[in-house]
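Below you'll find the structure, written out as structure tokens, and then a few comments.
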Amino acid sequence: MERYYQKEIECAPYEEIRRIQSEKLVKQVKHVWDNVPYYRKKMEEKGVTPDDIKSVDDLHKLPFLSKKDLRDAYPTGLLGVPQKDCVRIHSTSGTTGKRVIAFYTQHDVDLWEDCCARAIMAAGITDEDVCQVSYGYGLFTGGAGLHGGSHKVGCLTVPTSSGNTDRQIMFINDLKATLLCCTPSYAAYLAERFKELGYKPDDIPLKAGIFGAEAWSEEMRHDIEKSLGIKAYDIYGLTELSGPGVAFECSEQNGMHINEDHFIAEIIDPDTEEVLPEGSQGELVFTAVDKEAFPMIRYRTRDICRLTREKCSCGRTHVKMAKPMGRSDDMLIIRGVNVFPSQIETVLLNNGYAANYQIVVDRVNNTDTLDVQVEMTPEKFTDNVGEIEENQKKLVDDLKSMLGIKAKVSLMAPKSIARSEGKAVRVIDKRKI
């Protein structure tokens, strides 16, 4: 039986969703114009005023926001309310530049937790379940979002945060946790540790997992489901928009429903910025129509995906986004070819390797090099040099078929690649471009 947290809106007719979006958008644009000088200046430069925005059909008239804008406006340049009205911040890691700080009013937190509660109930979870939140807590949004959503559903919430894997397993077993929330790479590591300790999937009380914050393939999903004995659901979010819960998978596990009463989604051509028709592949753009403290309008996510309104068997009517195939800014261009880490992961998992790998890109004599370092599973581990070379050649051939370029493959001993308790570090780009 399909479960909903707020069925009336989750299953609302398309016309009603559009009406809600239009009403909120008009109000939000006025709010931003009056309270965010940074964005008002961008509107003025484009010759747009709030009077020009009468419905969702006018959204394309508004200027975009990018991560550069958020860094340029750091720390409070995009704040839409007095700082004294805010109750919390979260922040990105800042690994590629200055941190982005997102502010929240209590109203913003409540709406965010509602979105996460929808995701939790879509995974079949009720107030009789035990939810273990193994996302990091603190400035990272993962832990706080699912924690709040779990409370709203009424689950017993176990805030383990990330790390201390044996303690994680102890709580899962002792408290009979039925839902696990963490990054997919950490779920895979937990599964690996369960196996080392002698547990079979049927011995593990978990029945579902909600995994996000990093890209993962369908092959990785199936591997996690098989090894933990669960159904694995994808969840999508960005710190800039609130955090996880912007979109989530339902029982169909075929794309994520966007919470359209809070977020308007567009797909654009990342080069021309033209809005593309439904079903087109392009860059995902979001407008948060009722965030008070940090009101993002036409924020370019850099995630590459598709949107579809095909009828869903779960009964939800909100548009679905496909699993992002990569990011326009994280996409690797190697010898003129676009390469996404998810493509490499698919080849590895299809060949029976676990999702423990690193992609090392360098430039030697003005030519790009691609080295895929792959950890062998205990079952595949061998010290037979000829067998290793044969397995490496098979991966080289399969990667060339997938990518269109040749990669070097290095098969490595089990556990030789550092494990991550948060987002896995998949790509090391040593090029000085």
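Could you say which residue among 13, 75 is farther than 26 Å from residue 256 by Cα, assigned by TED's automatic domain parsing to the domain that holds residue 154 and of a type outside the set (Lys, Arg)?
Of the residues listed, the single one that is farther than 26 Å from residue 256 by Cα, assigned by TED's automatic domain parsing to the domain that holds residue 154 and of a type outside the set (Lys, Arg) is 75.
Determine whether the range 33-52 contains at least one residue that is within 17 Å of residue 261 (Cα to Cα) and either crowded, with 19+ Cβ neighbours inside 10 Å or not assigned by TED's automatic domain parsing to the domain that holds residue 276 (or both).
Looking for residues that are within 17 Å of residue 261 (Cα to Cα) and either crowded, with 19+ Cβ neighbours inside 10 Å or not assigned by TED's automatic domain parsing to the domain that holds residue 276 (or both), one finds none in the range 33-52, hence no.
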**Request:** Within the range 262-279, work out how many residues are open to solvent by 60 Å² or more (accessible area, probe 1.4 Å) and either closer than 24 Å to residue 112 by Cβ or assigned to a loop (DSSP other than H, G, I, E, B) (or both).
**Result:** 6
**Prompt:** If we only count helices (runs of 4 or more DSSP H) wholly inside the range 86-178, which ones have 3 or more residues that are among the charged types (D, E, K, R), in the same structural domain as residue 205 (by TED's automatic domain parsing) and surrounded by 16 or more Cβ atoms within 10 Å (Cβ to Cβ)?
**Reply:** 106-122
**Prompt:** Is it the case that the range 192-207 has a residue that's farther than 22 Å from residue 129 by Cβ and either aliphatic (A, V, I, L, M) or open to solvent by less than 10 Å² (accessible area, probe 1.4 Å) (or both)?
**Reply:** yes
**Request:** Spot the failing condition for residue 246; the list is (1) in contact with a strand residue (DSSP E or B) (Cβ under 9 Å, 6 or more places away or on another chain); (2) part of a loop (DSSP other than H, G, I, E, B), and only one is missed.
**Result:** (2)
**Asked** Looking at (1) in contact with a Lys or Arg (Cβ under 8 Å, 6 or more places away or on another chain); (2) modelled with pLDDT under 95, can you tell me which one residue 96 breaks?
**Response** (1)
**In the range 343-378, the residues that are of a type outside the set (A, V, I, L, M), more than 16 Å from residue 405 (Cβ to Cβ) and touching a residue at least 12 places away in the same chain (Cβ under 8 Å)** = 345, 350, 351, 352, 353, 356, 357, 358, 373, 375, 377, 378
**Request:** Give me a count of the residues in the range 382-414 that are touching a Pro at 6+ places or on another chain (Cβ under 9 Å) and loosely packed, with under 14 Cβ neighbours inside 10 Å.
**Result:** 0
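The values are calculated or read from the model by the stated rules, or taken from the named source; none is laboratory data. The model shown is predicted, which means the values in this text are computed figures rather than measured ones. Cβ atoms come from the backbone with ideal geometry, glycine included; neighbour counts cover every protein chain shown. These accessible areas exclude ligands, DNA and RNA; they are computed on the full protein's heavy atoms, side chains included. Shrake-Rupley method; radii C 1.70, N 1.55, O 1.52, S 1.80 Å.
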